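The values are calculated or read from the model by the stated rules, or taken from the named source; none is laboratory data. It should be emphasised that the depicted structure is a prediction, and the values quoted were computed from it without experimental measurement. Note: ideal-geometry Cβ built from the backbone for every residue, glycine included; neighbour counts use all protein chains shown. Side chains are part of the model used for accessible areas, which takes the heavy atoms of the whole protein and leaves out ligands, DNA and RNA. Shrake-Rupley method; radii C 1.70, N 1.55, O 1.52, S 1.80 Å.
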Amino acid sequence: MSLDLENISLTVEEKEIVEQNLSADVANLALQLKPKQNTRPDVILRQIDGVQHMKDKCPLWAENTSIVYPRKISLEQASSQATAEYKAALCGGDSLVDLTGGMGVDFSFMSRKFSKATYVEMNEELCAVSSHNFKVLGLNNVNTVCSTAEEYLESIEGKVSCIMIDPARRDDVGRKTVKISDCTPDLTQICDKLLAKAEMVVAKLSPMLDISEALSNLKGVSEIHILSVCGECKELLLVLRSTPVVPTPQLPIHTVNILKDGQKEVLTFTPSEEKGAFSRFAITPRLYLYEPNASILKAGAFRTISMRYEELYKLHVNTHLYTSDEVIADFPGRKFEVCSWSTLTPGDLQILLRNTKKANLSVRNFPMTVEKLRAKLNLKEGGDVYLFAVTLSDGKKVILRCKKI
């Protein structure tokens, strides 16, 4: 369904229906709503779906009843409030240009850090919706432009403080893409122009992208930020500057996990630090087990994390789990108490799993998938028991029974 771009705002009657049905099942409600004077069922359904989608993703927007929502695919692709606020904290100055505005969540937070800001988006509907929403949010220093990123980039005169760019990661038939050169626009083709037009470029890329590929294909990378939210890796951010050029070994890599309460787990390191670090290995598991957060795992800071916490011992060079005798309260990731562990012999497993019908099962550097091991152990998913099937430093295959702390 498409919006009436001339009448984007909801009528009073439409707002009332939306507010009365914020918890409703949209599919069922679609069968019940009938067109009435001053109400449009398709607009109402889109609004309810939008608020439900953004309630956790971007509470500031969901709480504002005058925000208008675009098509669902734009909702799914939009940044969360947590990651948008993080990006806003990276920048500031006279002028911002967001070349791939999308739904405008990133722009709405980042623009507050600049004297003036320009939102650029090639989709006419998104432009109209965003223009409306920026007014609702009280952003008086912004303007919207319906244009491709490449066309607007060419039109920039002089140099702006910051350019934000989030290339579309879907091909012509809607399949997700990861490689930089497969995204639109292709940053490898416009990187020089971006650096010529901005003092700072913030590029948001797929969290699945190999970092070494990004460094080999883009010029001027001066910082890398890997963002996770509640343990799920969401964004790979590259900050580019024309000068000074940071040598790759000294490139700061910031791993950040934003927790539910807004607190952040942060570990910053450089490739040279990781290369020069070493891990201590445990012969057997100790009393506590640690799993680094998704950003640290993505960054590959496996030896750095060992050096930052002297009490840590790694289970195996390729088993990215750590153990200690004393609990490390500020470890950046999940923490567990090791209750017991066993080999894979039937007798040991029978003792380990006595009276256990379900468990949260993970495999790390282990020659069996979760699905096959779950079937072998005859366990359902869930509960308070956490099982880790791992390889120890001597090559032994074991299962650890833990409880989360």
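When you scan the range 69-80, do you find a residue that is of a type in the set (A, V, I, L, M), within 19 Å of V201 (Cβ to Cβ) and open to solvent by less than 40 Å² (accessible area, probe 1.4 Å), even just one?
No, that holds for no residue.
Does S23 count as over 29 Å from the mean Cα position of the chain (by Cα), outside any helix (DSSP H, G or I) and farther than 27 Å from T148 by Cβ?
Taking the combined requirement at face value, the residue does not satisfy it.
Being touching a Lys or Arg at 6+ places or on another chain (Cβ under 7 Å) and part of a helix (DSSP H, G or I) narrows it down to one of T83, T65, so name that one.
It is T83.
Residue by residue through the range 262-299, note down the ones that are without any contact (Cβ under 8 Å) to a residue 60 or more places away in the chain and in a loop (DSSP other than H, G, I, E, B).
Q263, T270, A277, F278, S279, R280, R286, L287 - these are the residues of the range 262-299 that are without any contact (Cβ under 8 Å) to a residue 60 or more places away in the chain and in a loop (DSSP other than H, G, I, E, B).
From the residues in the range 245-261 that are part of a loop (DSSP other than H, G, I, E, B), at pLDDT 95 or above and within 18 Å of I211 (Cα to Cα), which one is least open to solvent (accessible area, probe 1.4 Å)?
Step by step, filter the range 245-261, then rank; the result is L251.
Here are S79, S108: which of them is closer than 29 Å to A198 by Cα, of a type in the set (S, T, N, Q) and under 17 Å from the mean Cα position of the chain (by Cα)?
None of the other options fit; the residue is S79.
Yes/no per residue for (1) part of a loop (DSSP other than H, G, I, E, B); (2) open to solvent by less than 20 Å² (accessible area, probe 1.4 Å); (3) not hydroxyl-bearing (S, T, Y):
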| residue | (1), (2), (3) |
| --- | --- |
| S9 | yes, no, no |
| E16 | no, no, yes |
| E19 | no, no, yes |
| A27 | no, no, yes |
| I44 | no, yes, yes |
| D94 | no, no, yes |
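So which residues in the range 146-158 are farther than 21 Å from Y69 by Cβ and either outside any helix (DSSP H, G or I) or touching a Cys at 6+ places or on another chain (Cβ under 9 Å) (or both), if there are any at all?
Correct list: S147, T148, I156, E157, G158.
For G220, only one of the following conditions fails: (1) touching an Asp or Glu at 6+ places or on another chain (Cβ under 7 Å); (2) at positive phi. What is its number?
G220 satisfies every listed condition except (1).
Would the range 146-157 turn up any residue that is at pLDDT 95 or above, within 25 Å of L60 (Cβ to Cβ) and buried (at least 20 other Cβ atoms within 10 Å of the Cβ)?
Within the range 146-157 (the criterion being at pLDDT 95 or above, within 25 Å of L60 (Cβ to Cβ) and buried (at least 20 other Cβ atoms within 10 Å of the Cβ)), the answer is no, since none of the residues qualifies.
Test L195 against the criterion of being surrounded by 19 or more Cβ atoms within 10 Å (Cβ to Cβ) and in a helix (DSSP H, G or I), and give yes or no.
yes
Going by the conditions given, is Y313 crowded, with 16+ Cβ neighbours inside 10 Å, within 30 Å of L215 (Cβ to Cβ) and of a type outside the set (A, V, I, L, M, F, W, C)?
no
What are the residues in the range 108-125 that are buried (at least 21 other Cβ atoms within 10 Å of the Cβ) and not charged (D, E, K, R), if any?
Those that are buried (at least 21 other Cβ atoms within 10 Å of the Cβ) and not charged (D, E, K, R): S108, F109, M110, S111, F114, A117, T118, Y119, V120.
Here are some residues: A88, A128, A117. Which one is assigned to a strand (DSSP E or B) and either hydrophobic (A, V, I, L, M, F, W, C) or more than 27 Å from G220 (Cβ to Cβ) (or both)?
A117
Among (1) surrounded by fewer than 22 Cβ atoms within 10 Å (Cβ to Cβ); (2) closer than 16 Å to L237 by Cβ; (3) of a type in the set (A, V, I, L, M, F, W, C), where does V105 come up short?
All conditions are met except number (1).
Testing V317 on (1) touching a Phe, Trp or Tyr at 6+ places or on another chain (Cβ under 6 Å); (2) closer than 29 Å to F278 by Cβ, one condition comes back false. Which one is that?
(1)
Cβ-Cβ distance below 8 Å, separation of 6 or more or different chains: which pairs start in the range 219-230 with a residue that is under 18 Å from A84 (Cβ atoms) and open to solvent by 20 Å² or more (accessible area, probe 1.4 Å) and end on one that is in a loop (DSSP other than H, G, I, E, B) and among the polar types (S, T, N, Q)?
Hits for this filter: V229/S80.
Take D56 and decide whether it is assigned to a helix (DSSP H, G or I), within 24 Å of the chain's Cα centre (by Cα), farther than 29 Å from L194 by Cβ and not aliphatic (A, V, I, L, M).
Considered against the rule, which asks whether it is assigned to a helix (DSSP H, G or I), within 24 Å of the chain's Cα centre (by Cα), farther than 29 Å from L194 by Cβ and not aliphatic (A, V, I, L, M), D56 comes out as yes.
Select from the range 323-355 the residues that are open to solvent by less than 20 Å² (accessible area, probe 1.4 Å), out of contact with any Ser or Thr (no Cβ under 9 Å at 6 or more places or on another chain) and assigned to a loop (DSSP other than H, G, I, E, B) and list them in ascending order.
The answer is I328, and nothing else.
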